[in-house]
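What follows is a short report on a single structure.
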Amino acid sequence: MRQKPILLILKESFTWILGLSILFPLYLIIANSLKTTQEATSIDFRWPHKLQWANYSEAFAGGNLIRSFFNSMLMSSVSAAISILVTAMAAFVLVRNRDKWNKVIYNYFFIGLVAPLNYVTTIKALQMLHLQNTFPGIILVFATLGIPFAVFLFYGFISSVPRELDEAAIIDGCGLGRLFFSVVFPLLTPVAITGFILNFLGAWNDFVTPLYLLNRQNKLGMINSIYEYFGMHFNQWNMIFTIIVLTMLPVLVLYLLGQKYIISGMVSGSLKG
C-alpha cells in the first residue's frame with residue numbers, strides 16, 4: 001500500500017520532466033522573439049525588459065511570410081484532404097472485399113511506411129506529367145506520402161463497422177457512392193480528422209521535399225522561408241525566433257483543436273482491426 005504513492009510521485013515527476021523538456025525550448029523561442037537584437041544575442045532564458053511586439057510586424061513586412069503562409073496552407077490542406085478522401089475509399093474496398101489480390105495491395109501500402117521517397121524518380125515522373133515546379137505536382141506528392149499511414153488507420157477502423165449496415169443501406173436503395181459518403185464516411189470522422197491533422201503536419205513541416213520539387217522562391221512555404229530569412233538575418237536572433245513562432249502557430253492551433261481526435265483516432269484505428 002505504501003508503494004502506490006511513491007509510484008504515483010515517480011510517474012508524475014517523469015511526466016513533468018517530459019513536459020518541461022518541451023516547454024523550456026518553447027519558452028526560449030517565445031522570450032527571445034520579444035527581445036531587442038542586442039538582448040537576443042546571448043539566446044538565454046531571461047524574460048525581455050520590454051516586449052518588442054514590433055518584431056512580428058517587421059517579420060511580416062520583410063519576410064514575405066503572408067505569401068509563404070498561404071503557400072503552406074494550400075499545399076498542406078489540399079494534399080491532406082486528397083489523401084484522406086482517396087484513402088478512405090480504398091480502405092473501404094480493401095476491407096469489404098478481402099481476396100488475395102486486395103491483401104497484396106494492402107501489404108504494398110505498408111511498404112510506403114518504411115520506404116524512403118526517391119527524389120530522382122519522383123522528379124522524372126513529375127517532368128513527364130508536366131507537373132514539375134507546380135503546386136498540383138507537390139500536392140500530389142504530399143498526398144501520396146500520407147496514404148500508407150492513413151490506409152493503416154482506416155483499415156482498422158472500417159473493419160469494426162458491421163457489414164450488415166451496408167446491406168441495410170443497399171436494401172433501402174443506396175448506390176455504392178451514397179452508401180460510402182452518406183452512411184460509412186460519417187462514421188469515420190474521428191479517424192478522418194486524425195489522418196487529416198497528421199498529414200497536414202507532415203506536409204507543413206516538410207523542408208526537403210519543396211526544396212527539391214519547387215525551384216521558385218515565390219512558391220516555397222513557411223518552413224523554407226525560415227531558412228531563407230536566416231540567411232539574410234543570421235545575426236538577428238530575435239527576428240529568427242519571431243519567424244519560428246509564426247511558423248509554429250498554425251500547427252499548434254490545429255493540434256490543440258484536434259488533439260482529442262488524434263488519440264482516439266489512432267487508438268481505434270490500430271486496435272479495432
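The values are calculated or read from the model by the stated rules, or taken from the named source; none is laboratory data. Everything numeric in this text was worked out from a predicted model, so none of it was measured. Methodologically, a virtual Cβ is constructed for each residue, glycine included, from the backbone with ideal geometry; neighbour enumeration extends over all protein chains shown. Only protein heavy atoms, including side chains, enter the accessible area calculation; ligands, DNA and RNA are left aside. Shrake-Rupley method; radii C 1.70, N 1.55, O 1.52, S 1.80 Å.
In table form, for the structure just shown:
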{"quantity": "Given (1) within 13 Å of Ile243 (Cα to Cα); (2) open to solvent by 50 Å² or more (accessible area, probe 1.4 Å), number of the condition Leu23 does not satisfy", "calculated": "(1)"}
{"quantity": "Residues located in region 145-195, provided they are in contact with a helix residue (DSSP H, G or I) (Cβ under 7 Å, 6 or more places away or on another chain) and assigned to a loop (DSSP other than H, G, I, E, B)", "calculated": "Ser159, Val161, Cys174"}
{"quantity": "Residues of region 70-117 classified as touching a Pro at 6+ places or on another chain (Cβ under 8 Å), among the aromatic types (Phe, Trp, Tyr) and at pLDDT 90 or above, total", "calculated": "0"}
{"quantity": "Residue check, Asn118 closer than 18 Å to Tyr212 by Cα, in contact with a Lys or Arg (Cβ under 7 Å, 6 or more places away or on another chain) and not basic (Lys, Arg)", "calculated": "no"}
{"quantity": "Among (1) crowded, with 19+ Cβ neighbours inside 10 Å; (2) over 23 Å from Ile139 (Cα atoms), the one test that Leu198 misses", "calculated": "(2)"}
{"quantity": "Enumeration of residues in region 167-199 that are without any contact (Cβ under 8 Å) to a residue 40 or more places away in the chain and among the small types (Gly, Ala, Ser)", "calculated": "Ala168, Ala169, Gly173, Gly175, Gly177, Ser182"}
{"quantity": "Options Phe185, Phe142, Phe109: the member that is within 18 Å of the chain's Cα centre (by Cα) and surrounded by 14 or more Cβ atoms within 10 Å (Cβ to Cβ)", "calculated": "Phe142"}
{"quantity": "One residue from Ala150, Ala115 being surrounded by 16 or more Cβ atoms within 10 Å (Cβ to Cβ), closer than 25 Å to Val95 by Cβ and of a type in the set (Gly, Ala, Ser)", "calculated": "Ala150"}
{"quantity": "Helices (runs of 4 or more DSSP H) lying entirely in region 1-105 (those with 3 or more residues that are closer than 25 Å to Ile158 by Cβ and of a type in the set (A, V, I, L, M))", "calculated": "65-96"}
